[in-house]
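Below you'll find the structure, written out as structure tokens, and then a few comments.
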Amino acid sequence: MSRLLNVLPRRPQGTASVCKSCSDRLSPPAIRHFSISSGAFTKTLQRPHAISTASSRFFSTTAVHLAKGHSNRELLPSAPARTRFAPSPTGYLHLGSLRTALFNYLLAKRTGGQFLLRIEDTDQKRLVPDAEQRLCDDLKWAGVQWDEGPQVGGPYGPYKQSERTPLYQKHAQELVNSKAAFRCFCSSTAQAPVDVDASLVGSAIGGCHSDCASIPLEESAERARSEKHAIRFGKPDKAPSWSDLVYGKVSLESKKTLPQRAAVEGVILLKGDGTPTYHLANVIDDHYMKITHVIRGTEWMSSTPLHAALYNAFGWTPPAFAHVGLLTDKDQAKLSKRNFDTDIGALKTKHGILPESLANFLSLLGWRNPTRDDVLEMNKLVELFDLKFTKGNSIVSFDKLWYLQKNHAKIIIERAMQSSTSDPSFETLVGLIESSARTAYPQSEAASGSLDLKTHIMNILFIDSKTYENPTSYVERNAYFFTTLPPISPSTESSISTSDLHDAALELMSKINTSSVSLNTSTDYAQVKQRLDSAVEEYSRAIGDERSKEWSKALHRYLREKLCFGRPGPGSSQVMAVLGYEECMKRLEM
């Protein structure tokens, strides 16, 4: 301990006074304790206390562990984390919500904990019929598989809020009995208090115009038997603050992190129909499902004071909160469909985004990657992940997504070439290209089904593994593999006549018939390339040493003009291997 304190700057004797902010920075925080054990540096925040309505304490986080070799800002829980993703099935999964799910998933897996999926379907009027199934499907596609939740069960279910209503009603009544909440008999059409920003929590505030909080408990209980009413949160003795894992201590007075006034008093917890609002159900579920950490967007920071007050009222220990910035475009506007298809379904079907690429892309938006390599597969993300997030919003550059897409496609293809078993990721990639090829060239021989199109596409990927961005552009780049294109005029760069080059190409074809070659591995393509290079070299030598280089160059160019219609792409030998002997001969005679 003494060694740690000795490195802190000290104020020299007799110097001028130091301002409070500098003093706070230079002084060791009173609530932090440092210890060193087994080579690991452990930073423990003050242990959470029981919370009551009489004395509202600030949020306390659980112990955090600093992995060896990482800086002291790269925080990890010292125990397995239980995290959750709690979407509302009122719409489909989009980039921002998938990133939230991914961060929570990575923290759970990094610490050996559990990741939960909870469906928050309290807003029954806005439910989209197929949204829940789509949410589950898209999460699985992205590689974010939950340990507890719908379809898999778990010890703390049910995992749909619509099936937990009695629990919420019970706890709302407890708040009323403890005078932390009150019954409101006012119409929901009444105006909200003028000093509260109603946009923060929508229709959950306002509407109580008769001072229902002052009605005696016995009288309100009697009226509740016959009158429709809601339950609203009362005025806490002290507005709580909390220690955010990204922004530090935050309170209602934190104008930089909470620029708008957050509503606490008077917020509806239980609606007139007996169903809970998001705020009540969220706090109760996180408590009963033993959630230890909540990573969510900064748009929820304005709700956290209310959640803190609810934890205080129940006397429960809150989870640790980490609020990450929003996803924005280059103009700092919140990302929307005007910028790109943010719906995950559109990204994977319309744009052919690979799940590995998207997970990698989203992980880098707001999280500080400790390595210099941005191309990270899921297992590597789990290995590296910590709670070192950037403050502020993240600008989304889709150029980075295409860069990652190319690299992940290359990894998938090269892995498939080396493997003797099927690879689901490679099969997905082949399927995307097959669908695009059949759409683009429905009448072509390759796409019509007379050839084994999937095998054909696999062969193309094996020789062109570095250029995939999306199915449409890949098929367009490699169009000559799927159909014949208009012939181009022969090059005039060489003094060798076209007829001589044509005769030479036919003679070469007779020596390197590729029809007997099985194209399954990189070795097979190397054999075809070796055949072509040897044949060209032999033919060029027969012409004479003085013109051998000119012949070799001209012959390769002629083969590309005839077989690839002059388009760029893989080497001539590889193209010949994929097209096969008969197709090559057909194109040479065109």
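Read the figures in this text as sums done on the coordinates, not as results from a lab. Since the structure is predicted, the reported quantities are computational estimates derived from the model, not experimental observations. Cβ: placed from backbone, ideal geometry, glycine included. Neighbour counts: every protein chain shown.
Which cross-chain or sequence-distant (5 or more) residues have an amide H under 5 Å from the amide H of LEU75, H modelled 1.01 Å from N in plane?
LEU387, LYS388
With θ taken as phi - 60° and the coefficients 6.51, -1.76 and 1.60, list the Karplus ³J(HN,Hα) couplings across the range 353-363 in order, rounded to whole Hz; mark glycine and proline as x.
The phi angles translate into 6, 7, x, 5, 5, 5, 4, 4, 4, 5, 5 Hz.
Would you be so kind as to identify which of VAL396, LEU461, ALA409 lies farthest towards the positive end of the dipole of the range 379-480, taking Lys and Arg as +1 and Asp and Glu as -1 on Cβ and the Cα centre as origin?
The one lying farthest along the dipole's positive direction is VAL396.
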